[in-house]
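After the structure tokens below, expect a handful of questions from me.
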Amino acid sequence: TTVMTEGGVTPLGYNVHSKGPRNAFNQSFYPGGSSSGAAVSVATGLVPFALGFDGGGSIRLPAAMSGLYGLAATFGRIPFGGGALAFT
């Protein structure tokens with residue numbers, strides 16, 4: 001199961017209602033952050049990478065707690081304006 005933490009506010013990656021995913025390398029730990037499911041998916045090899053939003057460590061915490069690397073872009077580097085994202 002890959003669920004988001006309730007309101008995205010816990011650094012553990014745990015949801016009181018549906019528990020949440022376990023750390024891919026040690027089942028007695030949680031993977032951390034609101035992007036915990038993404039971290040578990042990458043750590044287990046299900047996907048090669050995942051996208052997340054690092055408002056309060058939601059990329060950095062799961063990456064660190066799951067033995068992965070997380071890349072958080074500098075604020076303002078990726079536009080948040082309307083329309084589709086376009087990369088050149």
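The values are calculated or read from the model by the stated rules, or taken from the named source; none is laboratory data. Given the structure is predicted, the values throughout are model-derived calculations rather than measurements. FYI the Cβ positions are ideal-geometry reconstructions off the backbone, even for glycines, and counts take in every protein chain you see. The protein model used for the area step is the full one, side chains on, heavy atoms only, and it has no ligands, DNA or RNA in it. Shrake-Rupley method; radii C 1.70, N 1.55, O 1.52, S 1.80 Å.
Residue-by-condition table, conditions (1) closer than 20 Å to PRO21 by Cα; (2) open to solvent by less than 60 Å² (accessible area, probe 1.4 Å); (3) at pLDDT 80 or above; (4) part of a loop (DSSP other than H, G, I, E, B):
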| residue | (1), (2), (3), (4) |
| --- | --- |
| GLY67 | yes, no, yes, yes |
| LEU71 | no, no, yes, yes |
| PHE75 | no, no, no, yes |
| PRO79 | no, no, no, yes |
| GLY83 | no, no, no, yes |
| PHE87 | no, no, no, yes |
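Quick one: which residue in PRO11, PRO21 is assigned to a loop (DSSP other than H, G, I, E, B), touching a helix residue (DSSP H, G or I) at 6+ places or on another chain (Cβ under 6 Å) and over 17 Å from ARG60 (Cβ atoms)?
After applying the criteria, what remains is PRO21.
Still on this model: For residues that are surrounded by 12 or more Cβ atoms within 10 Å (Cβ to Cβ) and within 10 Å of the chain's Cα centre (by Cα), scanning just the stretch 43-57, find the one that is modelled with the highest pLDDT.
Within the stretch 43-57, the match that is modelled with the highest pLDDT is ALA50.
In this structure, does ARG60 turn out to be at pLDDT 75 or above, out of contact with any Phe, Trp or Tyr (no Cβ under 8 Å at 6 or more places or on another chain) and of a type outside the set (Asp, Glu)?
It is true that ARG60 is at pLDDT 75 or above, out of contact with any Phe, Trp or Tyr (no Cβ under 8 Å at 6 or more places or on another chain) and of a type outside the set (Asp, Glu).
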